[in-house]
Every structure is written in C-alpha cells, then in structure tokens.
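What follows is a single structure, written as structure tokens, with notes after it.
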Amino acid sequence: MNRVSTMFSQAGLWLMLAFAMAAPLHAQETAAAADTPLAGDAAPAAAPETSAAATDATTGDFKSLDQEVQSLKKDVLDLNRELFVLEEDLLFPANTQVAVFVSMDVGEFFALDSVTLKIDNKEVANYLYTEREAQALLKGGVHRVYIGNLKTGDHELVALFTGQGPHERDYRRGATLKLTKGVGARYVELKISDRASRAQPEFIVKEWE
Amino acid sequence: MAALFGGVCLALLLAGQSHCATSLIGQPAPDFALRSLSGENIRLSEHLGEVVVINFWATWCGPCRQEMPALDELYAKYKLAGLTLLGVNIDDSNASARAAEMAQGLKVSYPVLFDDRKEVARAFDVSAMPLTVMIDREGVVRQVYEGFKPGQQKRYAEQLRELLNQ
C-alpha cells in the first residue's frame, strides 16, 4: 500500500509539474498579448517588417511550447492509466485473491435476509438482500459477496445466514470453512439449498476447484 | 437533555469528518441497503428511474417531528408521479423500538429504515439533523437540506415538481 501511495504521490508531482509548466505559458501569452501593441506603438512605421518577423518567431515559440505542454499532458494521462492498472494489480493480485459467492437452490425452506462473512474472526462483509435480489438468486444468479486478499496459510471463514426458515420462523445459521491459502486465487461458494428429507434448509460452504 | 445527548452522539458519530452532505450535490448517491420497519430490506439502487427523497432523522431530534408529517403529505401527493421517500433513522439499535413507535405515532406512510450501524449516515456525510437529500431519476444527488423550519416544505414541493418533470 505504501508503494501505491508513493506512486500516487509521484503522479501528483507530475500533475503539479504539468500545471506549473502550463501556468507560466499562459502568463507569457498574456504578457505577449499586452506587449505586442505597445511595441507597435513605439515604432509604428520604422520597422514593420522586423515587427512582423518577431511576431512570427513568437508565435512559433508559443506553438512549440503548446505542443510540449500537450505532450506532457498526454504523458500524465498515460501515467495515470498505468497507475490505475498497477493499483488494481497491487490491491487485488491474482495470487492472493479470495472471492466468496452466494448461491441458492430451491429455497422452499429458507427466505434469505442477510449474509455476514467473517475471515479469521474479522467481519469482512455484511450484505442485506432485498426481495428482488433473493428472487434473482433463486433463479440461478450468483452473487459475489466479497473479494479480497489473504496471505498464504490457514484461515477460518465463517458465514452467518439470517432469514426466515420453515413456518416463517426467524432463522440464523452459521457455516465454517477451514481454508488453506496457497499460491493462486481461491473461490468459495456459500450455497443455500433445501434438505427435503428433514424439511430444513442446508448451508454448504465449498471451494471451487 | 435527550436532544443534547443526541447531538453529542451525532458529533461523535461524525468526528473526524470535514465534509458535509452538500458536497454530494452533483455526485451519484451512495448506494445502500437497509432493513425497514415492515421487515423488508430496501436498496437505493433498485429505485433508479424514480425521484428519491431520503430523510435522515432521529428520535431525539425535535425538528424531525415537525418535518416527517410534512414529508408524508408530499409523499401522498407525488407518490403516483414517481416519488419514493425513505426515512432513515440513525438511532442506536437499542432505540429502534422507540424509533418505530415514533414513526407509527406520526402515522408516516413512507418506508422507515434503520441505520443502526450508521454506515449510511457516514456515506451521506450527515452532519445536521434532520437532513433531507433529493436524488433525481438518474441517481444523482440534486439537493440537500440541512435542518427544517416550518414552511420549508414549499421549497421541497417546488424542487420535487422540477425533478419529477425531468
């Protein structure tokens, strides 16, 4: 994260530099605009050709400076884009990435209200499902409830489901998964399904291979 | 005393924040989902395409008591024209029963939501009570009103008519 901050500070410096370059240019343009008629007033007929040549040279200089500023601005924009991509890579690198998804199957014995996710006893997500979202899950939708990074090693993932169970009774159940994080992204699915034999909902936490 | 306590709570809640809600004008409204008094969960983004008014209130806030019936009148008038009104209570979770009682006592017909984790209040930089936010059909914050004085509902109505006509 410190590295990202440093990169952003550098980008900030680039931007400041670009504006610092642009500001004197405008000042020069204004000064030049003010100076030109004065020069004309001082020697109206003596050296019209010299004046015209000087004006051309000044215009040429301005064009060149303007091109430089435009080029600098383009560099800043390119740098900004590269930093954005770098930030994404650094914040969610594929190797340490963990994503958790929620899915529902049937849902006759459970109406989903919310899912709270804890990793190593720290709450990382708490999502309230609206009626429309719950219906989308029942139609086969999968919701990504969390994306983050984990160090390699053992971790404990606890998912708490709240909602209405059989006979419209408030229902709160937890499911745990011991996760061993190695190299590479890991995907975990929190699946809510019906266990028809016991007329109860079932909460399964499984890893996608 | 209750008002003083509430004010202190609000100050503590918002400690460390230098922004105010008006800075959100012209910005997309932060999305949220909250539990409502009726038990249903409501998500702001599901009301895209409607003009949404969010009214932050608390039981310890005197002007909120005056504002809520006025807002309810506007809701009754413009509901069919595409107005959604959400009352967001920011009391602590142990006071939600009192908040529910107050909302029922004032007979408000619009959905009342509970932000007991104060996440939505933080997202909207609530620094005054009551706070009323008007969001256009595209989900952009168009107006923020801090506090309430009798007669302010006329300005609300004018603004709403403008937003509903867009």
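The values are calculated or read from the model by the stated rules, or taken from the named source; none is laboratory data. Please read these numbers as outputs of a predicted model, since none were measured by experiment. No Cβ is skipped: glycine too gets one built from the backbone with ideal geometry, and neighbour counts run over all protein chains shown.
If you go through the stretch B:32-43 and pick out every residue that is without any contact (Cβ under 8 Å) to a residue 60 or more places away in the chain and either within 22 Å of B:Glu162 (Cα to Cα) or not polar (S, T, N, Q) (or both), you end up with 3.
Where helices (runs of 4 or more DSSP H) fall wholly inside the stretch B:52-127, the ranges with 3 or more residues that are over 10 Å from the mean Cα position of the chain (by Cα) and closer than 30 Å to B:Glu138 by Cβ are B:62-78, B:119-123.
Once the stretch B:24-42 is narrowed to residues that are among the small types (Gly, Ala, Ser) and in a strand (DSSP E or B), the residue that is farthest from the other protein chains (Cβ to nearest Cβ) is B:Ser36.
Just name the residue that is nearest to B:Arg35 (Cα to Cα) out of those in the stretch A:91-126 that are β-branched (Val, Ile, Thr) and either in a loop (DSSP other than H, G, I, E, B) or at pLDDT below 85 (or both). Within the stretch A:91-126, the match that is nearest to B:Arg35 (Cα to Cα) is A:Val106.
A single entry from A:Glu131, A:Glu82, A:Glu88 fulfils the requirement of being within 14 Å of chain B (Cβ to nearest Cβ), surrounded by fewer than 17 Cβ atoms within 10 Å (Cβ to Cβ) and among the charged types (D, E, K, R): A:Glu131. All conditions but one from (1) buried (at least 20 other Cβ atoms within 10 Å of the Cβ); (2) in contact with a helix residue (DSSP H, G or I) (Cβ under 9 Å, 6 or more places away or on another chain) apply to B:Ala99; the one that does not is (2).
Only one of these conditions is not met by B:Asp91: (1) within 30 Å of A:Glu168 (Cβ to Cβ); (2) at pLDDT 95 or above. Which number is it? It is condition (2) that B:Asp91 fails.
If you scan the stretch B:128-166, which residues turn out to be closer than 21 Å to B:Thr59 by Cβ, buried (at least 19 other Cβ atoms within 10 Å of the Cβ) and under 11 Å from the mean Cα position of the chain (by Cα)? Hits for the stretch B:128-166 are B:Met129, B:Pro130, B:Leu131, B:Thr132, B:Val133, B:Tyr145.
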